[in-house]
Amino acid sequence: MSTRRNRSNQTIECLRFVCSVAILFIHCGFPLAFASEYAMAVSRFAVPYLILLSGWYVDHNGKVEKAKKKRRDILRIILAGGCVCVIWNCFNSYLQYGNLSSWTVPYLNNRTLIDFLLFNRAVFLNSVYYYFFMMFYVYSIFIGAQRLRFSKMLLILSPVLLFGGVAICEFSSMPWYYGGNFLFVGIPCFCTGYLLRKAQDHLRILKSKEWAAVAVGLLLTYLEYRGQGSCYLYFGTIVVAVSVLVFCMNHEDIKCPKLLIKAGTYLSLPIIVIHCEIRDTLQILFPNLGINKLSLLVLFLSVISAMGYQIIKKVYVNHLSMETSYLRK
């Protein structure tokens, strides 16, 4: 494995922001109507890419401390973000129905619980929380596999699971979340990222050739989209996600715009967490707002909200640090 010192990868940070915007447009619609369906198909690479990245950065020395820390971080996001989501859903319910509880009615059934436990479908929060619950499952399974020494079996099964997920999404009439969950997307993408990291030195020979693989992935996505219509997952999007990750790791020293790096580092996660609530509120307040205006307005407000969150967080941390220093005197 490469002994290159661990440092911030500017390309990775830029791609984080690109992924957050892609996820936002998937949920809100694309501004360019003439290419919106294919653009949505291409943007499906974002979630597999983020999961691949998680597998790449997990500890590769047989220890689980880093994975446990990541799992705790995911749990904090679920708890804090979930509370914000519930409050926001109550606010939207009041705007739309005049009470705080109407939004819960469609979800008070056994089907909701089963879909959540088996397929990470957290519709009672919003569209994006399935990702966080999926990653909580993935880290938990990875930790268990490391402790119980069946991680090799998990790695071997990953390609089968991934192809199974693509097949369910593309060729079956089952709902998308039967194939887009921790079992068929989370675990195999995470393990693929893990394996790519182990083969990092061998991937150097592909340097400057990754874009050819990206082009192949885009072509496959287009052909699959034309043949199967809109799907949660395409084989082509997996090829794109893997190729983009390899490109990022082979080009760590590319100089990227500082603003884009900062956006990827500090704004990408808050944008992913908050954009669905902003979208829902705008749709209630402005029901006749077109997709072009809606998606761009949600993006603008999500970026502003993410910046506000980071400013408040920094002020709070600095205030806490000052209080701690004062008490130590």
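The values are calculated or read from the model by the stated rules, or taken from the named source; none is laboratory data. No experiment lies behind these values; they were computed from the predicted model shown. Reconstructed Cβ throughout: ideal geometry from the backbone, glycine too, with neighbour counts over all protein chains shown.
Laid out as a table, the results:
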{"quantity": "Matching entry among Ile26, Ile12 (being touching a Lys or Arg at 6+ places or on another chain (Cβ under 8 Å), of a type in the set (Val, Ile, Thr) and at pLDDT 90 or above)", "calculated": "Ile26"}
{"quantity": "Those residues of the stretch 39-55 which are over 18 Å from Val273 (Cβ atoms), surrounded by fewer than 22 Cβ atoms within 10 Å (Cβ to Cβ) and either touching a residue at least 40 places away in the same chain (Cβ under 8 Å) or touching a strand residue (DSSP E or B) at 6+ places or on another chain (Cβ under 6 Å) (or both), in sequence order", "calculated": "Met40, Val42"}
{"quantity": "Residue within the stretch 56-75 that is of a type in the set (Ser, Thr, Tyr), under 21 Å from Val185 (Cα atoms) and at pLDDT below 95 present", "calculated": "yes"}
{"quantity": "Selected residue (only one of Leu294, Leu260, Leu233, Leu218 is surrounded by 15 or more Cβ atoms within 10 Å (Cβ to Cβ), in contact (Cβ under 8 Å) with a residue 12 or more places away in the chain, out of contact with any Lys or Arg (no Cβ under 6 Å at 6 or more places or on another chain) and assigned to a loop (DSSP other than H, G, I, E, B))", "calculated": "Leu233"}
{"quantity": "Sole residue being in contact (Cβ under 8 Å) with a residue 24 or more places away in the chain, over 30 Å from His202 (Cα atoms) and buried (at least 16 other Cβ atoms within 10 Å of the Cβ), chosen from Leu282, Leu245, Leu269", "calculated": "Leu269"}
{"quantity": "Evaluation of Ile51 against (1) modelled with pLDDT under 90; (2) under 20 Å from Cys189 (Cβ atoms) (one fails), failing number", "calculated": "(1)"}
{"quantity": "In the stretch 60-103, the residues that are β-branched (Val, Ile, Thr), free of Cβ contacts under 8 Å to residues at least 40 places away in the same chain and within 18 Å of Tyr130 (Cβ to Cβ)", "calculated": "Val86"}
{"quantity": "Every residue from the stretch 56-102 that is among the aromatic types (Phe, Trp, Tyr) and buried (at least 21 other Cβ atoms within 10 Å of the Cβ)", "calculated": "Trp56"}
{"quantity": "Test: residue in the stretch 56-67 that is farther than 22 Å from Thr192 by Cβ and either of a type in the set (Val, Ile, Thr) or not in a loop (DSSP other than H, G, I, E, B) (or both)", "calculated": "yes"}
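A quick yes/no check of all residues on (1) outside any helix (DSSP H, G or I); (2) modelled with pLDDT of 90 or more:
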residue	(1), (2)
Cys90	no, yes
Trp103	no, no
Asp115	no, yes
Phe133	no, yes
Ile143	no, yes
Ser158	no, yes
Gly180	yes, yes
Val185	no, yes
Leu196	no, yes
